[in-house]
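In what follows, a structure is listed as structure tokens, so that the remarks can point back to it.
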Amino acid sequence: FYPGIELGAFLLLSPLACPLITLRPTLWIFSMLFPFSLLFSPAMFNPHCFELRELLSDLCVWLRWLADTSSKGWLSHHTAICNKKPSTHVQAMLLPSKELLVSMPLVLVSYEAMQPYGWSSLHIALLMLPPLPILGLAALGCIKRLLCICLRRRRAAESPIVAALVVGAALSAEAALASAKLTHLPTAHWISLAATRYFCLRWEANTLVYIHQQAAKVCCEWCTPVALVLELGGQTVGAYALLVDFFLGLMLQLPVLLLALVPFVNGLHLRFLFNTSSGKLEESLSLNASGMRSLKRNVCRESSRSSAARLADGAAPCADGADDETEKAGLMRAAANAAVHEGAGAAEEAAPPSRAEAQSGRKRREHRELKGHKDREREHRSAYNSL
């Protein structure tokens, strides 16, 4: 979603940053298809996309996921992503990333644009690395440690929401202070400053996470200042990530929620997806359910018929081992009779089978029929379970 947001912001803010550039409407439409597909294609192919109750339920579940600090919440997901950074080679980390390549020209553009307003290199450095959020998180960490000392706890519980609120308040204070001092600043300059801040924070956060994870391998707990700085860096990255994920999620869900308030949007969406209406779709689903019920009844009826036929025949199940022994005995008797007849003369006819042999043959036939009934019943049950 991040590439879609960045590309969409670039296309939407470019006319404000450069008002002299005029593009054709067709170019705008076709250029916005790519970021739109990156952002909203998972929702567009969901049949329940514009159902208002499910949208509100999903929004509540998403907010609970952001606030959850267990192994199934956002904090665990963010920790798992950060733990993958140590597997990255240091040479790959030092190579220029997309954020670094974009931020460096933006820094130069912002520096040249803000020079007439009295900005120096120190102002650009403060723009790249905002001090107020870091100071706010440091004050929050001091308050946590004091509370741990007063309550005699070893470590305070992690609260990424509080850290994100502190960072959001600090960024809002910076924006209010800058707007109060730069009252007549053009819109293009504001866009340039905001883009510089965003992309600089992106590559700084990635680098800080890599340094934090690599230092955790060295176990810097013996040096308290280094451990505190690393902990502050991890909290800063987590607070920025939660803040960005929150606003990104709102940007993705609020347009869909507003469209869901229009009455005919849900039916139109179903028409485009399945070429049918909601009533016909429900009718087809009910027909499918009735078909499955009738199939279940047929399978149960066939199973009861096979069981009744087996009971009417009076066939008793025979063990495979006993059947094999009976067959072996019959073969041995047949071989003995053949030897006797062969010794007596070739012209003498073979004697008819004895009563025991006829009974054993009848039992074998009944066992084969019973086995065939069981196989057919097993096939019916497997077909029903697959459905």
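The values are calculated or read from the model by the stated rules, or taken from the named source; none is laboratory data. Here the structure is a predicted model, which is why all the values come from computation and not from measurement. Using ideal geometry, Cβ is built from the backbone for each residue, glycine included, and neighbour counts are taken over all protein chains shown. All accessible areas refer to the heavy atoms of the entire protein, side chains included, with ligands and DNA or RNA removed. Shrake-Rupley method; radii C 1.70, N 1.55, O 1.52, S 1.80 Å.
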- Message: Using a 1.4 angstrom probe on the protein heavy atoms only, could you order Arg301, Arg202, Arg152, Arg368 from most to least accessible area?
- Response: Arg152, Arg368, Arg301, Arg202
- With every protein chain present, what accessible area does Trp119 have (1.4 Å probe, heavy atoms only), rounded to the nearest 10 Å²? 50
- Cα-projected label distance for Arg271 with Ile81, points at 7 Å along beta-carbon direction, nm: 3.9
- Estimated FRET transfer efficiency (Ile149, Lys72; beta-carbon r; R0 35 Å; 0.05): 0.65
- Given labels modelled 7 Å from the Cα in the Cβ direction, how far is it in nm from Ser97 to Ser31? 2.7
- Message: Need one number: nm distance between label points at Leu254 and Arg297, each 7 Å from Cα along Cα→Cβ, rounded to one decimal.
- Response: 5.4
- Item | Residue-span extension gain [Lys371 to Ile211] - 0.36 nm each, minus C-alpha spacing | 50.7 nm
- What residues of segment 224-262 lie in the reach of a label at Leu56, counting those whose backbone N is under 14 Å from a point 7 Å from the Cα along Cα→Cβ? 257-258, 260-262
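Accessible area, 1.4 Å probe, largest first: how do Ile149, Ile81 sort?
Order by accessible area, largest first: Ile149, Ile81.
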- Message: For Cα pairs less than 8 Å apart in space and 6+ apart in sequence, what is the mean separation divided by the residue count of segment 1-62, i.e. the relative contact order in percent?
- Response: 40
- Accessible area (Å², 1.4 Å probe, nearest 10) - Asp245: 40
- Query: So what's Rg/Rh here for segment 1-133, counting alpha carbon atoms and using the Kirkwood radius for Rh?
  - Reply: 1.05
- Please give the solvent-accessible surface of Tyr117 in Å², to the nearest 10, using a probe radius of 1.4 Å with every protein chain present. 100
- Note on the structure: Calc'd 3J(HN,Hα), segment 168-173, phi into Karplus 6.51 cos²θ - 1.76 cosθ + 1.60 (θ = phi - 60°), Hz, glycine/Pro = x, comes to x, 5, 5, 5, 5, 5
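Quick one: ranking Met251, Met114 by accessible area, 1.4 Å probe, largest first, what do you get?
Largest accessible area first, the residues go Met251, Met114.
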